[in-house]
Amino acid sequence: MAELVFFSGTMDCGKSTLALQMDHNHAARGRQGIIFTRHDRAGTATISSRLGLRADAVEVGDDFEFQAYVVHLLSAGGKVDYLICDEAQFFSAAQIDQLARIVDELGIDVFTFGITTDFRTKLFPGSQRLIELADRVEVLQVEALCWCGARATHNARTVGGVMVVEGAQVVVGDVAVNEDEIGYEVLCRRHHRRRLTAATSRAAVLSPDVLPFEG
Ligand SMILES: Nc1ncnc2c1ncn2[C@@H]1O[C@H](COP(=O)(O)OP(=O)(O)O)[C@@H](O)[C@H]1O
Ligand SMILES: Cc1cn([C@H]2C[C@H](O)[C@@H](COP(=O)(O)O)O2)c(=O)[nH]c1=O
């Protein structure tokens, strides 16, 4: 029976790597798949992993219709056994509904990958709909770690290493960035709540609690 699966986790926990591995394993057994993505850091119509793997993908725009795309391929004599969808948090709720229909009505497996929550801990629309509709939600086994060593569960947006809580929901970016650039850092919930990043925790350790006593 075909399935709609949501592989989720924080940023930098290996989702795109797993997406590419799954594509490789299925393709190696003669199955025919299509990779989709939206707003990958490496550019349009590309899926990239920090381990250096990269592949071409179909870019999912605002008006993209999965059902129409797949039906068009099938009616032209093509074979489609599975879909890989990376950065699925950026898909619209309607697009996730289309993916569920593809599973149910066309018997095609759909494997989706994405972060669940944004820098303000709110669900992305695509992730929310996936949690509502998926046959299975799988949390990735590779743990991204907070600076304190605990499992990272939340994504912080940073500017110069300092956590920010205002801004647009979607800002494409990476975890390893230069000073002053907008970037991201994965944190445990405790440190996300306290807005304590690696940089600000270092600064807190360095600054003395009491001013030196003079004289
Ligand atoms: N130099 C490295 N050596 C070993 N593993 C690495 C290296 N760089 C990144 N990784 C692994 O790649 C993971 C990030 O993979 P990626 O697929 O890009 O993540 P995601 O798509 O979830 O953001 C990291 O959690 C780490 O396990
Ligand atoms: C938390 C958060 C992230 N993003 C962006 C930043 C990256 O471009 C992607 C996540 O990619 P990854 O492969 O999982 O590392 O999402 C965003 O736009 N808004 C956010 O709040």
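The values are calculated or read from the model by the stated rules, or taken from the named source; none is laboratory data. Treat the numbers as computed from the prediction; the structure is a model and nothing was measured. Reconstructed Cβ throughout: ideal geometry from the backbone, glycine too, with neighbour counts over all protein chains shown.
For this structure, a couple of remarks:
- Counting only residues that are among the charged types (D, E, K, R) and within 16 Å of ligand 2 (Cβ to nearest atom), the stretch 13-33 holds 2 of them.
- Listed here are the helices (runs of 4 or more DSSP H) enclosed by the stretch 47-156 that have at least 1 residues being away from ligand 2 (no atom under 14 Å from the Cβ) and within 30 Å of His191 (Cβ to Cβ): 125-133.
- Checklist (1) exposed (fewer than 14 other Cβ atoms within 10 Å of the Cβ); (2) touching a strand residue (DSSP E or B) at 6+ places or on another chain (Cβ under 9 Å); (3) modelled with pLDDT under 95 applied to Gly167, failing item: (3)
- Test: residue in the stretch 147-158 that is assigned by TED's automatic domain parsing to the domain that holds Arg189, modelled with pLDDT under 95 and over 13 Å from the mean Cα position of the chain (by Cα): no
- Condition check for Ala27: surrounded by fewer than 17 Cβ atoms within 10 Å (Cβ to Cβ), touching a strand residue (DSSP E or B) at 6+ places or on another chain (Cβ under 7 Å), outside any helix (DSSP H, G or I) and of a type in the set (A, V, I, L, M): no
- Residue among Gly149, Gly183, Gly161 that alone is over 16 Å from Ile115 (Cβ atoms) and surrounded by 14 or more Cβ atoms within 10 Å (Cβ to Cβ): Gly161
The rows are residues; the columns are (1) without any contact (Cβ under 8 Å) to a residue 40 or more places away in the chain; (2) under 16 Å from Val172 (Cα atoms).
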| position | (1), (2) |
| --- | --- |
| Ala19 | no, no |
| Thr44 | yes, yes |
| Leu51 | yes, no |
| Ala55 | yes, no |
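- Meets criteria (assigned by TED's automatic domain parsing to the domain that holds Gly33, closer than 26 Å to Arg29 by Cα, surrounded by fewer than 20 Cβ atoms within 10 Å (Cβ to Cβ) and touching a helix residue (DSSP H, G or I) at 6+ places or on another chain (Cβ under 8 Å)) for Leu106: yes
- Looking across the stretch 129-180, the residues that are touching a helix residue (DSSP H, G or I) at 6+ places or on another chain (Cβ under 9 Å) and at positive phi come down to Gly160, Gly161.
To keep it simple, each residue is scored yes or no on (1) of a type outside the set (Gly, Ala, Ser); (2) touching a Leu at 6+ places or on another chain (Cβ under 8 Å); (3) surrounded by fewer than 21 Cβ atoms within 10 Å (Cβ to Cβ).
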{"position": "Leu51", "(1), (2), (3)": "yes, no, yes"}
{"position": "Val60", "(1), (2), (3)": "yes, no, no"}
{"position": "Cys85", "(1), (2), (3)": "yes, yes, no"}
{"position": "Ala88", "(1), (2), (3)": "no, yes, no"}
{"position": "Ala100", "(1), (2), (3)": "no, yes, yes"}
